[in-house]
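Step one of this worksheet: look at the structure below.
The values are calculated or read from the model by the stated rules, or taken from the named source; none is laboratory data. As the structure is a prediction and not an experimental result, all values here were calculated from the model. Note that each Cβ is placed from the backbone with ideal geometry, even for glycine, and that neighbours are counted across all protein chains shown.
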Amino acid sequence: MKIKRAEKYGFCAGVRIADRKVKKFAEMGGRDGQILGQVVHNERVVDEMVSLGVPTIDALDEAASGTIVFSAHGVPPSFHATAQARGLKVLDTTCPFVYDIHEEADRAVARGGHLVFIGEPHHREVIGYTHDREPDTYHILTTLEEAERVDWSGYSELKILFQTTLNAEEYEDVVRFIESKARKAERADTICYATKENQDAARELCNDPEVGLILVIGGTQSANTRHLWELCREHKPSYLVHSPEDVQPEWLDEVETVGVTAGASTPDYVIEEVEEQVRKLAALHAPAS
């Protein structure tokens, strides 16, 4: 069995920095820390943080004292003020790309613009952008049908921003429709470079004639991993796996080369474990010589 990894895959710079910041906090004796939501969307990383003494909580109200860790996805600006008012220390691991979007949105609103977020309303990144804003200053949407229900001509200026983990090409029809109806619309370049590189590399893997099957590795709540899988399954038999145990032996039938890619929140050791599982299953089901 041959395994071929995509040219770009796995941990992005922002996630790697967030992971290191929390580990450094723990190594320096931090035992009063709590992470607001998963520091990154990968269950293995979350379990690792718990073993280091830095558990995950679901709401800021659950942090009564100590240090609150804001994840790579970012939080609403008001959360920083709330944490300070409660006497909490803050360890901020927000990705710089996410902060760029906050700033880009603020500048647009200051000019009198209306914000359009292409993204998932319940994703923590999008909540971070919108939680503190007045509802009439923005829209969140992902489908053409949602865009068609809005009178975009009623806004003097639109600023269109993408959730960083999305495949922007999939929403081109939505954005073009908005632009066609708006008086003035401007796109912000907000797709994380690592997300784009992972997607481009996944396309190359899909176009490789040797690859008969693609495994996309990532956490159950990872949006960018799911988008990678959606991209791959359009071209090759593809499966979304969260752990080595997810790999099914029948997937490997008559497959000589397995392509592997992974979401931006997937650590290298999980990728290696999945690849080892593929080799074991292939060896077990190899025909006798």
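Quick look at the numbers
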read-out: In region 71-116, the residues that are surrounded by 20 or more Cβ atoms within 10 Å (Cβ to Cβ) and without any contact (Cβ under 8 Å) to a residue 24 or more places away in the chain; value: A83
read-out: Subset of region 193-220 that is part of a helix (DSSP H, G or I) and aliphatic (A, V, I, L, M) - its residue that is nearest to the chain's Cα centre (by Cα); value: A194
read-out: Residues of region 249-281 classified as part of a loop (DSSP other than H, G, I, E, B) and within 21 Å of the chain's Cα centre (by Cα), total; value: 5
read-out: Verdict on H41 being in contact with a Lys or Arg (Cβ under 6 Å, 6 or more places away or on another chain) and closer than 30 Å to Q199 by Cα; value: no
read-out: Conditions (1) surrounded by fewer than 23 Cβ atoms within 10 Å (Cβ to Cβ); (2) under 26 Å from the mean Cα position of the chain (by Cα): number failed by A223; value: (1)
read-out: Residues (surrounded by 15 or more Cβ atoms within 10 Å (Cβ to Cβ) and either within 18 Å of V98 (Cβ to Cβ) or modelled with pLDDT of 95 or more (or both)) located in region 164-176; value: T164, T165, L166, N167, A168, V174, V175
read-out: Given (1) touching a residue at least 40 places away in the same chain (Cβ under 8 Å); (2) touching a Gly at 6+ places or on another chain (Cβ under 9 Å); (3) hydrophobic (A, V, I, L, M, F, W, C); (4) more than 18 Å from G219 (Cβ to Cβ), index of the condition I68 fails; value: (1)
read-out: Filter result for the condition that a residue is among the small types (G, A, S) and modelled with pLDDT of 90 or more, over S243, S265, S289, S222; value: S243
read-out: Of all residues making up region 231-248, the number that are closer than 22 Å to T164 by Cβ and either in a strand (DSSP E or B) or in contact with a strand residue (DSSP E or B) (Cβ under 6 Å, 6 or more places away or on another chain) (or both); value: 2
read-out: Residue match in region 155-167 (condition: free of Cβ contacts under 8 Å to residues at least 40 places away in the same chain, assigned by TED's automatic domain parsing to the domain that holds Y129 and out of contact with any Gly (no Cβ under 6 Å at 6 or more places or on another chain)); value: no
read-out: Verdict on V258 being surrounded by fewer than 20 Cβ atoms within 10 Å (Cβ to Cβ) and of a type in the set (A, V, I, L, M); value: no
read-out: Residues of region 16-42 that turn out to be farther than 19 Å from L60 by Cα and at pLDDT below 85, as a count; value: 1
read-out: Of the criteria (1) more than 30 Å from A283 (Cβ to Cβ); (2) outside any helix (DSSP H, G or I); (3) modelled with pLDDT under 95, which one V90 fails; value: (3)
read-out: Condition met for L144 (buried (at least 17 other Cβ atoms within 10 Å of the Cβ) and either farther than 21 Å from R16 by Cα or in contact with a Pro (Cβ under 9 Å, 6 or more places away or on another chain) (or both)); value: no
read-out: Residue within region 189-200 that is modelled with pLDDT of 90 or more and among the basic types (K, R) present; value: no
read-out: Per-region count, region 57-70, residues in a strand (DSSP E or B) and crowded, with 18+ Cβ neighbours inside 10 Å; value: 4
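Residues are listed down the side, and each one gets a yes or a no for (1) assigned to a loop (DSSP other than H, G, I, E, B); (2) free of Cβ contacts under 8 Å to residues at least 24 places away in the same chain:
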residue: Y9; (1), (2): yes, no
residue: V15; (1), (2): no, no
residue: R20; (1), (2): no, yes
residue: K23; (1), (2): no, no
residue: A26; (1), (2): no, no
residue: Q34; (1), (2): no, no
residue: V40; (1), (2): yes, no
residue: R44; (1), (2): no, no
residue: M49; (1), (2): no, no
